[in-house]
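**Student:** What follows is a structure written as structure tokens; I'll ask about it next.
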Amino acid sequence: MIELRENEQKTLLALKKLDGKATVDRIIEASGLAHAAVMRAALTLSEKKLVEMHEQKQKVVELTAEGKQHALYGLPERRLINAIIDSGGKAPIKAVVQKAGLEERFVPIALGWLHRKLWATVEGKQFLRAQRKEIPVETDEKLLSILKERGSVTLDQLGKNLQDAVAVLKGRKLLELTDKTVRELQLTDTGLQLVRKGVEIVSEVSQLTPELIISGKWREAKIRKFDVTAAGPESYPAKIHPLQQVIQKAREIFLELGFTEIRGPLVETAFWNFDALFQPQDHPAREMMDTFYLANPKAGTLPKRSVVNAVARTHENGWTTGSKGWGYRWSPEEAKRLVMRTHTTAETIKYLSRHKTPPIKVFSVDRVYRNEQVTYKNTAEFFQIEGIVVDKDVTLRDLIGTLKTFYARFGLRKVRFWPCYFPYTEPSAEATVYVPKLKRWIELCGMGMFRPEVLAPMGIKYPVLAWGGGLERLAMLELGIEDIRQLYGNNLGWIRRTPMCQ
Ligand code: PHE
């Protein structure tokens, strides 16, 4: 005797009704069971060798929105020919269009197909004449009604004629073909014998109710066994985007290290983005190549006159800083131009213009923009992690220590610091990390101590440690991805698979 549960029996009966072989979808329809229930039953039934499960890649045919409309009301040419025949076989175009209630956009289509299908001809430009008294339903219309009824069919369920109709209706953009993996169940010989003998449905109790217990009926009831080790259906609860998680993590680390977060606008004046950082107005980084300048409004306002004058002098001749400056005529107009900020150093310098008393430890994790080609390693908008430390006797070593601690929290231990150049820091360095998987050193951030040419105009009398670097690089290492576009692609599968960061 083969013991079968209710759902297994229902599945078998549905299969019998469907001639012993059917797709899971059709079994669902015929049995009224849920997808998961059929799949579970199929598993047990195939273990008992009563059914076989096949997986097939198949082309699934489905109606487009327009296709659905025509499936409901009839093809435009059918509606038109019906109207012509109803009007006695010959009638003015305008009148039959109106009679058929045809939308304007379907009129040329209907006329074209009346002609191609040889259903009607145009006479004297204004009139339509039906070729026959009655026009039988054609294959394309049969296909439409099959799809209307079933929602979708697989291509190989259709005969040759209907398959040809698929091609025609696809050309008319009334249906779409998509690749799907279709699961199909088939009764084995044993399964067939069993259903022939007649499978009886014994109803099972899946929940012990108070009634069953009180009435004592539980004694006779067939109680359903549960497999507590079976995997439940996957569920995808809402979660924070992996990139946001890395941003949060970076924020938390700096907060734990005693830093305060600052934020600033995405649009800045060139003054804060460049001039205050002692970048000459003809510096190549300012060129259109890298910087997005705003067309409207073009210009913003400069800060108070004393700060502007000090910056101007420093650029021109070094002012009181002991430097010779860049030796050109500084233009306030150039400094007023609005840019999408190219780095968040614009925010730390602006912060310094308003906060001069140490100790200061601030950071930001925020968006910046550069006119760069989008590739696997660059995007035109990205995040920077930025910060400054101001205190009496701080040196570059303190910054190296802080950054080492920060990166170690991301599991990056082989971090090296190399000398390099930035127009606003001296000394300047660059932090890199060795990535064994890529067998390369990867740039993490730029850093240094702000030059006197930067500090003096802001009225800062203490050493300032500054750094700034990309966040996406860090995110890519953390998340194990090699293409930065992955972070912005909204690939749902990847977002679901990516675990919350530890
Ligand atoms: N602003 C630099 C960049 O965008 C990084 C940097 C910040 C370097 C602060 C030195 C000091 O690459």
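**Student:** Put 315, 35 in order of accessible area, largest first, 1.4 Å probe: what do you get?
**Tutor:** 35, 315
**Student:** Less than 13 Å Cβ to Cβ from residue 354, Lys/Arg counted +1 and Asp/Glu -1: what total charge do the surrounding residues give? If you can, show how the numbers build up before the last one.
**Tutor:** Values: positive: 304, 350, 356; negative: 347.
Value of the local net charge: +2.
**Student:** Between segment 314-340 and segment 117-149, what is the C-alpha centre distance in whole Å?
**Tutor:** A separation of 79 Å, based on Cα centres.
**Student:** Could I ask something else about it? Using the structure shown, select from 249/304; 10/148; 197/217 the pairs with a Cα to Cα distance greater than 31 angstrom.
**Tutor:** Violating the 31 Å Cα-Cα cut-off are 249/304.
**Student:** Suppose accessible area is computed on protein heavy atoms with a 1.4 Å probe; arrange 87, 306 from highest to lowest.
**Tutor:** These residues rank, largest area first, as 306, 87.
**Student:** Keeping the other protein chains in place, figure out the carbon and sulfur percent of the accessible area of segment 148-260, with a 1.4 Å probe.
**Tutor:** The C+S portion of the solvent-accessible surface of segment 148-260 is 51 percent.
**Student:** Sticking with this one: Could you tally the net charge around residue 382, taking each other residue with its Cβ under 11 Å from the Cβ of residue 382, Lys/Arg +1 and Asp/Glu -1?
**Tutor:** That sum, taken over residues with Cβ under 11 Å, equals 0.
**Student:** Could you state the accessible area per residue of segment 379-502 in Å², with a 1.4 Å probe and every protein chain left in place?
**Tutor:** With all protein chains present, segment 379-502 gives 49 Å² per residue.
**Student:** Tell me the per residue accessible area of segment 5-134 using a 1.4 Å probe; a whole number in Å² is fine.
**Tutor:** Here the residues of segment 5-134 average 56 Å² of exposed surface.
**Student:** Here's a follow-up. All other residues with a Cβ under 13 Å from the Cβ of residue 256 taken together, and with Lys, Arg as +1 and Asp, Glu as -1, what is their net charge?
**Tutor:** The answer is +2.
**Student:** So what are the ³J(HN,Hα) numbers for segment 219-235, from phi and the Karplus equation (6.51, -1.76, 1.60; θ = phi - 60°), rounded to whole Hz, Gly and Pro as x?
**Tutor:** Listing the rounded values in order: 4, 8, 4, 8, 8, 6, 8, 10, 9, 6, 8, 5, 6, x, x, 6, 10 Hz.
**Student:** For segment 221-370, what is the accessible area per residue in Å² when the probe is 1.4 Å?
**Tutor:** On the way: 8000 Å² over 150 residues.
Heavy-atom accessible area per residue stands at 53 Å².
**Student:** Now for a different question. Give me, ordered by chain and number, the residues 5 or more places off residue 48 or on other chains with an amide H under 5 Å from its own placed amide H.
**Tutor:** none
**Student:** Set the Förster radius R0 to 60 Å, insert the Cβ-Cβ distance between residue 305 and residue 116 as r into 1/(1 + (r/R0)^6), and round the FRET efficiency to 0.05.
**Tutor:** 0.15
**Student:** Taking only DSSP H segments of four or more residues, each worth -39500 (n - 2.57), what value at 222 nm results for the chain once the sum is divided by all its residues, to the nearest 500 deg cm²/dmol?
**Tutor:** -11000 deg cm²/dmol
**Student:** Over the C-alpha atoms of the chain, what are the Rg and the largest Cα-to-Cα span, Dmax, in Å?
**Tutor:** Cα-based Rg and Dmax for the chain come out at 36.8, 105 Å.
**Student:** Scan the chain and hand back the longest stretch that contains none of the GluC sites (Glu not before Pro) lying in DSSP loops with at most 13 other Cβ atoms within 10 Å.
**Tutor:** With GluC sites (Glu not before Pro) excluded where exposed in loops, the chain gives 288-481 as its longest stretch.
**Student:** Please list, or write none, the lysines whose alpha carbon is within less than 19 Å of the alpha carbon of residue 392, excluding same-chain residues fewer than 8 places away.
**Tutor:** Output for residue 392: 356, 361, 461.
**Student:** Please list, ordered by chain and number, the residues whose modelled amide H lies under 5 Å from the amide H of residue 128; skip anything fewer than 5 residues away on the same chain.
**Tutor:** 91, 93, 123
**Student:** Carbon and sulfur atoms: what percent of the 1.4 Å accessible area of segment 439-502 do they account for?
**Tutor:** The computed percentage sits at 50.
**Student:** Using a 7 Å offset from Cα along Cα-Cβ at residue 181, what residues in segment 31-63 end up with backbone N under 17 Å from the label point?
**Tutor:** 36, 39-40, 42-43, 53-60
**Student:** Could you order peptides 107-115, 273-281 by the average number of other Cβ atoms within 10 Å of their residues, highest first?
**Tutor:** Most protected by this proxy first, the peptides run 273-281, 107-115.
The values are calculated or read from the model by the stated rules, or taken from the named source; none is laboratory data. The structure presented is a predicted model; accordingly, all values stated were derived computationally and were not measured. In this analysis, Cβ positions are derived from the backbone assuming ideal geometry, glycine residues included, and neighbour counts consider all displayed protein chains. Protein only, heavy atoms only, side chains kept; ligands, DNA and RNA dropped before computing areas. Shrake-Rupley method; radii C 1.70, N 1.55, O 1.52, S 1.80 Å.
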